[in-house]
Amino acid sequence: MSEDGFHTLDVENLRLHYNRTLLCWEKNFRDHLDEISTMFDGRFIRMWDLYLSACAATFHNGIIDLHQILASKGINNDIPMVRWY
């Protein structure tokens, strides 16, 4: 990025955010199994349930990470110095 004039302003690991999101998706999926089973067969339902659970586990255990990088083209001193949550 620096070769193209970009400056890194912030890097955030979203690993735990993705774990929580996947767990919410899994709960929502399970809460709607009656409706889902009218649209998809048992094989698909088992595979999708496994996929959501496995993805959540890999993020939770640090097997995979996802980083969000904030960069600016050129110098930008107007970005706040700290993140606000």
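The values are calculated or read from the model by the stated rules, or taken from the named source; none is laboratory data. The structure presented is a predicted model; accordingly, all values stated were derived computationally and were not measured. We place every Cβ from the backbone using ideal geometry, glycine too, and count neighbours over all the protein chains shown. For the accessible areas, the whole protein counts, side chains as well, though only heavy atoms, and no ligand, DNA or RNA atoms are used. Shrake-Rupley method; radii C 1.70, N 1.55, O 1.52, S 1.80 Å.
For the range 19-74, filtered to residues that are farther than 30 Å from GLY5 by Cα and in a loop (DSSP other than H, G, I, E, B), the residue that is least open to solvent (accessible area, probe 1.4 Å) is GLY62. Selection of first residues in the range 54-66 that are over 14 Å from CYS24 (Cα atoms) and of second residues that are among the polar types (S, T, N, Q) and open to solvent by 40 Å² or more (accessible area, probe 1.4 Å), restricted to Cβ pairs under 6 Å at least 6 apart or on distinct chains, gives the following pairs, ordered by first then second residue: ASP65/ASN13. Does ASP10 satisfy the condition of being assigned to a helix (DSSP H, G or I), acidic (Asp, Glu) and surrounded by 12 or more Cβ atoms within 10 Å (Cβ to Cβ)? So ASP10 fails the test.
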